[in-house]
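The values are calculated or read from the model by the stated rules, or taken from the named source; none is laboratory data. Predicted model only: the values in this text are computed from it and were never measured. Glycine gets a Cβ as well: all are built from the backbone with ideal geometry, and neighbour counts include every protein chain shown. Accessible surface is based on the protein model in full, side chains and every heavy atom, while ligands, DNA and RNA are left aside. Shrake-Rupley method; radii C 1.70, N 1.55, O 1.52, S 1.80 Å.
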Amino acid sequence: MRATARTHLSPPLPTRRSLLGGAAAALALGLAGCGSATPTPGTGRLRRIAEARWAHRLHIEDTTAGGLSGIDYDAARGEYLLISDDRSDLAPVRFYTARWPQPQAAPPEPTGVVRLQRPGGGPWPDRRHAVDGLPVPDPEALRLRPSTGTLLWTSEGDIARGFGPALYESARDGRFLREFALPAMFTPDPAQRRGPRDNLTFEGIALTPDGRFAWVSMENALIQDGPIPTTRAPGGPCRFTQVDLETGHATRQIAYVPDAIPLRPLIPGSYADNGVSEVLMLDAHRMLVLERAYAAGRGNSLRLYEIDTRAAGDVLAIDALAPGNHQPVAKTLVADFAALGLSRLDNTEGMCWGPSLANGNRLLVVVSDDNFNPLQVTQFAAFEYIDRP
């Protein structure tokens, strides 16, 4: 999640989200213009089919919709699942359901909301009512497991209270089923010398076609693995961790290096960042990786890459990643969203496959997280995806 002027029922923790709020208020006019600083030519692998929006702070079943950070498609029911990254401030942790059968004809139609339950039942608490021994989740991504009808979803953790990022499984009706065991490297360090950075952890999740494995992707590097990106240099390697859903344990991990921030802030020295906002499997081994950048006064940049998870070393046993001790995965640019004809680029964080198109190609659907901010939008976009020969 990235915010530019977010409203909370309880005061937010002092993170990059609140730091960014002041920049947006001062540079609101600059936010109207979005796009990459140097757009690359379209590669021909994404063709825009439709674009739509939900109204700001749309009311759905006594909840305020927004903060949509993850999306997946349920082919059996013909509906999309959309998780909100609201930390129970406006309503308890939840996901929405919606139908979008004709993207070119009308925007997605919301059909319901499901509250995700905490262990033992009941809603997850907000930060004002935090419970000892229980994190306040920061939901970011979700995937449907078709074989079980259950949902996998990630939280970026509750770092300030000592809870690291998490991967959960819940029933379709919201009942809590389990939390997966994760490597110790994801445990927060009170001294902040290693481990995850606040709000820069499990932003994405991908499910292999056979349903056996999930990949959870870090937005930025662990502290011991390197720095966050700057406008002059790429960030340290992000760890993508493969989890065996049968055993419940991590089995492999690869390193992915995010680009340097492609936009320069309107005012030098003001806020800018870049990181991995979502991942999606193309097949058993190939993965799409969405990098989402922001620069105050300039707006967003969105770049979609393809990787092959086999073309990288396993770093699961490496305590700290450094040049020479691992082989990061190579990446190939699929598309710069600035070249795809969208009305604007916003904080796109969700990506999934929709129903197949009439010509047999895949439908790629993305959604943006508006951070409940009136200067941003909840934007849906649908594309025809043309795979490599």
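Worth a mention:
- Single unsatisfied condition, Gly269 versus (1) open to solvent by less than 20 Å² (accessible area, probe 1.4 Å); (2) more than 29 Å from Cys352 (Cβ to Cβ): (1)
- Residue count for region 98-121 satisfying the condition of being hydrophobic (A, V, I, L, M, F, W, C) and open to solvent by 40 Å² or more (accessible area, probe 1.4 Å): 2.
- Selection of region 48-94 for residues being under 21 Å from Pro146 (Cβ atoms) and of a type outside the set (Val, Ile, Thr) yields Gly70, Asp72, Tyr73, Asp74, Ala75, Ala76, Arg77, Gly78, Glu79, Tyr80, Leu81, Leu82.
- Residue that is farthest from Leu288 (Cα to Cα) [pool: residues in region 163-213 that are under 18 Å from the mean Cα position of the chain (by Cα) and β-branched (Val, Ile, Thr)]: Thr201
- Subset of region 57-85 [out of contact with any Pro (no Cβ under 8 Å at 6 or more places or on another chain), surrounded by 18 or more Cβ atoms within 10 Å (Cβ to Cβ) and assigned to a loop (DSSP other than H, G, I, E, B)]: Gly66, Gly67
- Residues (acidic (Asp, Glu) and touching a Pro at 6+ places or on another chain (Cβ under 9 Å)) located in region 144-188: Glu156, Asp158, Glu179
- Figure legend. Inter-residue proximity from region 304-329: first residues in contact (Cβ under 8 Å) with a residue 24 or more places away in the chain and under 11 Å from Gln253 (Cα atoms), second residues part of a strand (DSSP E or B) and of a type in the set (S, T, N, Q), beta-carbon distance below 8 Å, spacing 6+ or different chains. Indicated pairs: Thr309/Gln242; Asp314/Gln253; Val315/Gln253; Leu316/Thr241; Leu316/Thr251; Leu316/Gln253.
- Single match in Leu290, Leu333, Leu364, Leu375 (criterion: assigned to a strand (DSSP E or B), out of contact with any Pro (no Cβ under 6 Å at 6 or more places or on another chain) and open to solvent by 40 Å² or more (accessible area, probe 1.4 Å)): Leu333
- Scope region 216-256; condition open to solvent by 20 Å² or more (accessible area, probe 1.4 Å), closer than 18 Å to Ala317 by Cα and not small (Gly, Ala, Ser); matching residues: Ile223, Gln224, Gln242, His249, Thr251, Arg252
- Some residue of region 230-243 being farther than 29 Å from Asp336 by Cα and not hydroxyl-bearing (Ser, Thr, Tyr): yes
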